[in-house]
Structure formats: C-alpha cells, structure tokens
Amino acid sequence: MPKFTENELEQGTESAQLTDKTEKRFMALVKRLKAAYDICSGSEGVAQAERDRIHFYLAVCSIVFKLTRGHAPDTAQMNARVREMMTEALKADGVEEIFKLGEDGAEARNIFDDDYSGQNRKNQASKHEDQSSPAASCQSD
C-alpha cells in the first residue's frame with residue numbers, strides 16, 4: 001500500500017472540500033471509482049501507479065467522510081464489534097449445550113428433540129424482542 005505524506009492528504013482533503021458542491025461531486029465520483037476498482041482490482045491491466053492514485057482518492061474520501069459525517073468507526077472498532085457479535089453468536093443455547101456435553105455431570109440432550117427445539121425458538125424470540133424494543137434502539141454502540 002502506498003504511503004502518502006500528511007501534506008498530500010491534507011491538500012487533497014482541502015481541494016475536495018472547496019465548496020459543498022465540489023465535496024458532494026468528489027464523494028460521488030470516488031464511490032463510483034471504488035465500485036469500478038472492486039470489479040477490476042484483480043486484473044493485471046491496472047498498473048501500480050493507477051492503484052496508488054486510486055488508494056490516494058480513497059484515503060482522501062475517508063478523511064472527508066470522517067470530518068463531515070461525524071464519528072465513523074475505524075477498523076479496530078469494527079473488528080472489536082465483529083468479535084463481540086461472534087462471541088454472542090457462539091453463546092447461543094444450542095452451542096452452549098454442545099460444549100457442556102463434554103463436562104463431567106452434564107446431562108445428555110438431544111438437540112433435535114421437538115421439546116428442545118421449541119424451547120430454543122422461544123429463547124431466540126425473546127432475545128429478538130429485547131433487541132427490537134424502543135429502549136434498545138436508543139442505545140449507542
């Protein structure tokens with residue numbers, strides 16, 4: 001990945017933000033550029049200099065977005081949230097039951113049994129209701 005100097009990125013950001021119209025146009029064009037790059041990024045027809053220029057525009061776009069749209073999560077924050085979601089998913093009742101089976105004194109359960117499946121559906125439904133409540137939607141991540 002190319003390294004850009006702070007001055008280059010600063011100048012690019014200032015140029016993109018000259019006017020509101022310029023900023024909106026720049027952001028829309030970079031969005032289209034990113035979509036096109038995603039399609040052909042694996043091609044050998046895209047020279048390294050072109051890739052560097054694309055990465056520069058994407059970096060400037062990211063800076064402008066963070067400056068104008070408020071708080072945008074960085075990669076570390078997104079990775080932490082994904083880890084949290086994965087931990088929550090692994091704590092699902094069925095997964096916990098499977099892990100408990102290896103413990104001493106754990107009772108054997110048939111996770112395909114209708115009673116167990118019904119109980120699991122009720123638990124998942126109540127979790128879903130808790131997450132979709134108005135109070136839950138007001139909480140910040």
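The values are calculated or read from the model by the stated rules, or taken from the named source; none is laboratory data. Just so you know, these numbers come straight off a predicted model, no measurement behind them. Cβ atoms come from the backbone with ideal geometry, glycine included; neighbour counts cover every protein chain shown. Heads up: the accessible areas ignore ligands, DNA and RNA and are worked out on the full protein's heavy atoms, side chains in. Shrake-Rupley method; radii C 1.70, N 1.55, O 1.52, S 1.80 Å.
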(Q) Show me the helices (runs of 4 or more DSSP H) found entirely inside region 1-102 where at least 3 residues are at pLDDT 75 or above and open to solvent by 70 Å² or more (accessible area, probe 1.4 Å). (A) 6-16, 20-40, 48-68, 75-90
Q: Mind counting the residues in region 1-42 that are farther than 12 Å from F56 by Cβ, small (G, A, S) and either touching a residue at least 12 places away in the same chain (Cβ under 8 Å) or touching a helix residue (DSSP H, G or I) at 6+ places or on another chain (Cβ under 7 Å) (or both)?
A: 0
